[in-house]
Amino acid sequence: MRASDLIFGRPLLERLMLVCERVGIRRFFVQAADAERDALRASMGTFRISPEVSFVSSLAQLLDAMPRTALCVAIRGNLAIAPSQLRSVLASHAARRGEVVELPVGKAPAGGIAVGPLDRLIKANLSGAVQIGPIGHLPYALEGRPDDVRAAELRLARHLRSESYAKDAPLARLLDRRLSWRISYLLAHTAVTPSQVTIASTALGMLSAWLFAQPRYWPRLVAAVLFLVSTTIDGVDGELARLKLQESRLGARLDTLTDNLVHLALFIGLMTGCYRASNSSAYLALLAILVGGFVACVVAGHRARRAGRGDRDWFEKLERLTGRDFAYLLLMLAIVNRIHFFGWGAAFGTYVFAAVLWYCAQRRASISVECFDESFVAQEQAENIGLLAELRELGRGRADRAPSHQDF
């Protein structure tokens with residue numbers, strides 16, 4: 001029994017239950033003999049006193065508690081899996097309603113994940129089940145090998161790249177993620193939290209903005225390097241949250257607000273540095289133009305997110321378009337001492353980008369596409385929903401919250 005094995009600080013059984021919870025599963029039945037139940041309950045962590053968790057001696061007992069045709073997920077074995085994989089298995093079943101879809105794990109097999117009607121899942125063998133293949137490095141079955149825990153953690157960390165592949169901009173996908181998942185893997189074995197990583201990334205970004213405001217070559221070159229480091233670390237907070245299963249609405253909000261704060265500070269610092277280096281008042285006008293373009297991009301991005309709500313493909317395209325690959329361009333221009341090129345290009349390019357984004361959002365909103373994914377809408381709540389949406393929710397929360405003695 002490997003239920004108590006710690007994967008990034010959490011017992012394997014608790015981790016499995018958290019993964020299920022992430023995809024919308026709320027009720028759990030654990031098949032175990034009486035003698036095993038105390039040890040298993042101790043491995044459930046936050047679920048050990050949940051009224052939604054029950055032990056059964058046989059899966060046939062579930063027929064007394066649930067309809068025979070109830071859609072269920074059966075997980076056999078000591079598996080390390082990611083929420084994205086469980087969503088994929090559920091999506092495969094959604095395309096074959098009424099059937100049983102199974103993802104076997106290992107050669108024996110050592111375990112597996114099956115989705116289907118309850119009365120078919122409780123059979124000793126899943127004859128006639130539609131079998132699908134593994135997805136990337138996972139799932140991984142812990143079978144008592146000495147290096148099982150390390151192997152499971154490495155596979156979970158490497159899987160981060162494939163999870164973000166579709167929504168990463170090209171250079172982030174090619175370069176940033178090769179480094180960020182390794183940093184996330186190391187930090188996942190420490191007490192560092194995702195929010196602390198967000199704050200560290202923000203501090204680097206703000207320092208970069210201050211250095212860009214200097215008129216000399218070397219400070220601005222260091223600023224470009226720091227901003228590139230900041231963008232790489234900016235991807236670590238989300239990866240770390242997924243490895244530790246600590247995703248939260250508060251963390252997503254902090255990430256969105258700090259990202260936009262760094263962008264705004266960067267633009268102000270860059271234009272200030274260009275003004276101080278050239279003594280040309282044109283850069284003060286460009287700063288006002290650029291701030292207006294930044295606001296236009298925020299508004300257009302909000303419109304685009306609303307137009308594609310519930311559409312995973314649209315959301316991934318939007319994330320690619322709004323990525324931070326421009327950090328590499330900034331570094332190249334800083335090396336050749338042509339930062340002012342970026343200032344001029346960004347001042348007017350932001351309006352072009354905002355116009356294109358708005359046009360695409362209008363076209364997307366006018367097309368009826370049957371791709372609404374309720375599970376993805378729930379997932380979005382722990383991800384970037386855009387600056388305007390975050391500010392609106394933040395304002396609404398303050399308005400609804402009455403002051404108390406705990407506020408002072």
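The values are calculated or read from the model by the stated rules, or taken from the named source; none is laboratory data. Since the model is a prediction, treat every value here as computed from it, not as a measurement. Neighbour counts run over all protein chains shown; Cβ positions are idealised from the backbone, glycine included. To get the accessible areas, we keep the full protein, side chains included, count just its heavy atoms, and leave off ligands, DNA and RNA. Shrake-Rupley method; radii C 1.70, N 1.55, O 1.52, S 1.80 Å.
General observations
- Cα-centred dipole magnitude for the chain, charges only on beta-carbon of K, R (+1) and D, E (-1), debye, nearest 20: 660 debye
- Extension gain, ALA42-LEU329: 0.36 nm per intervening residue step, less the Cα-Cα distance, totals 98.1 nm.
- Length gained on full extension, SER366 to LEU154: 71.9 nm, using 0.36 nm per residue less the C-alpha separation.
- Spin-label pair VAL53/GLN131, simplified geometry with 7 Å Cα→Cβ offset, distance in nm: 3.2 nm
- Anisotropy class of the chain from Cα gyration tensor, a/c 1.5 cut: prolate
- Here the contact order of the chain, divided by its residue count and restricted to Cα pairs under 8 Å and six or more residues apart, works out to 14 percent.
- Cα gyration tensor, the stretch 39-94 - rounded (a/c under 1.5), prolate or oblate: oblate
- Neighbour count of at most 12 Cβ within 10 Å plus DSSP loop: longest GluC sites (Glu not before Pro)-free window in the chain: 53-369
- The stretch 1-139 shape via C-alpha gyration tensor axes, a/c threshold 1.5: oblate
- Evaluated with a Cβ-only charge set (Lys, Arg +1; Asp, Glu -1), the stretch 141-266 carries a dipole of roughly 260 debye about its Cα centre, given to the nearest 20.
- For the chain, the fraction of 1.4 Å probe accessible surface lying on carbon and sulfur atoms is 59 percent.
- Between the stretch 344-361 and the stretch 68-91, the alpha-carbon center distance in angstrom: 42 Å
- Residue-averaged [θ]222 nm for the chain, counting only DSSP H segments that reach four residues, each worth -39500 (n - 2.57): -19000 deg cm²/dmol
- The order of the peptides 181-192, 207-218 by mean Cβ neighbours within 10 Å, most packed first, is 207-218, 181-192.
- Formal net charge of residues neighbouring TYR283 (Cβ-Cβ distance under 15 Å; K, R +1; D, E -1): +3
- Model label zone, LEU6; criterion: amide N under 20 Å from point 7 Å along Cα-to-beta-carbon; scope the stretch 141-181: 142-157
- With 0.36 nm allotted per residue and the present C-alpha distance subtracted, the ARG26-VAL299 stretch has 94.6 nm of extension available.
- Crossing angle, helix 249-278 versus the chain [Cα axis fit, 0-90 degrees, rounded to tens]: 20 degrees
- Net charge contributed by nearby residues that have their C-beta within less than 13 Å of LEU63 (K/R +1, D/E -1): +1
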